[in-house]
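Notes to accompany the following structure.
The values are calculated or read from the model by the stated rules, or taken from the named source; none is laboratory data. All values reported here derive from a predicted model rather than from experimental measurement. Cβ coordinates were reconstructed from backbone atoms using ideal geometry, including for glycine residues, and neighbour counts include every protein chain displayed. Accessible surface areas use protein heavy atoms only, side chains included; no ligands, DNA or RNA. Shrake-Rupley method; radii C 1.70, N 1.55, O 1.52, S 1.80 Å.
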Amino acid sequence: MKAITLGTQAQEWTPASYRFGESSTYRGAQLTQEKVLSDCRGEGGRIAFLLKFSPPTGKLIKLVATARSDEHIYILEGGYCDKVGRQRRFPGDYGLNPKGHAHGAFIGRETVGLVVYSGEPDEVHEFAVIKPEPAL
């Protein structure tokens with residue numbers, strides 16, 4: 001494999017709705033975008049990309065998936081929240097979802113993460129735009 005160097009600031013964000021389904025477009029707006037950094041799956045390797053979620057104002061993105069390969073996530077901007085919208089994961093947080101692990105997230109603010117899969121990306125079961133639940 002040869003070395004790769006990219007200037008990600010100059011790289012354009014592209015829609016990632018093909019990854020998350022029709023519900024990842026809300027009132028004509030793309031809620032998911034990506035910048036593919038490397039894709040070596042053709043040689044039996046991994047894929048790495050920057051992934052951006054942009055929930056509508058006052059709403060949450062609810063995501064439910066199963067890891068089809070080990071998934072590494074490093075939050076660069078924004079973060080994940082709970083059902084009420086309280087932030088629970090922050091820039092600098094790291095997560096690993098091993099192959100076969102069912103997992104989910106709520107996203108209430110624009111969030112960018114570095115995502116690396118050791119093989120195929122997640123199987124997405126649900127992508128929904130929801131209202132935050134009332135705080136108790």
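Sorted by packing (mean other beta-carbon atoms within 10 Å per residue), highest first, where do 98-107, 112-121 land?
With the highest mean Cβ count within 10 Å placed first, the list reads 112-121, 98-107.
Take the chain, connect every pair of alpha-carbon atoms lying under 10 Å apart with a spring to form a Gaussian network, then pick out the residue of ARG88, ARG19, ARG109 with the largest mean-square fluctuation.
Between ARG88, ARG19, ARG109, it is ARG88 that shows the largest mean-square fluctuation.
Taking θ as phi - 60°, what are the ³J(HN,Hα) couplings along the stretch 108-119 by the Karplus curve (6.51, -1.76, 1.60), each to the nearest whole Hz, with x for Gly and Pro?
x, 8, 4, 9, 10, x, 8, 10, 10, 10, 6, x
Leaving out ligands, DNA and RNA, and with a 1.4 Å probe, what % of the accessible surface on the stretch 27-128 is carbon or sulfur?
About 49 percent, which is the carbon plus sulfur part of the accessible surface.
Is the shape of the stretch 59-136 best called rounded, prolate or oblate, per the rule: a/c under 1.5 gives rounded, else a/b larger than b/c gives prolate, else oblate, with a ≥ b ≥ c the square roots of the Cα gyration tensor eigenvalues?
oblate
Determine the per residue accessible area of the stretch 2-44 with all protein chains present and a 1.4 angstrom probe, expressed in square angstrom.
On a per-residue basis, 69 Å².
For an R0 of 35 angstrom, estimate the FRET efficiency from the Cβ-Cβ distance between ASP39 and LYS83 and round to the nearest 0.05.
0.55
Which of [x] 1.32; [y] 2.08; [z] 1.04 is the computed Cα Rg over 2.2 N^0.38 Å for the structure on display?
Read-out taken from this structure: [z].
Just to make sure I understand: if all protein chains stay in place, what is the order of LEU63, LEU96 by accessible area at 1.4 Å, largest first?
LEU96, LEU63
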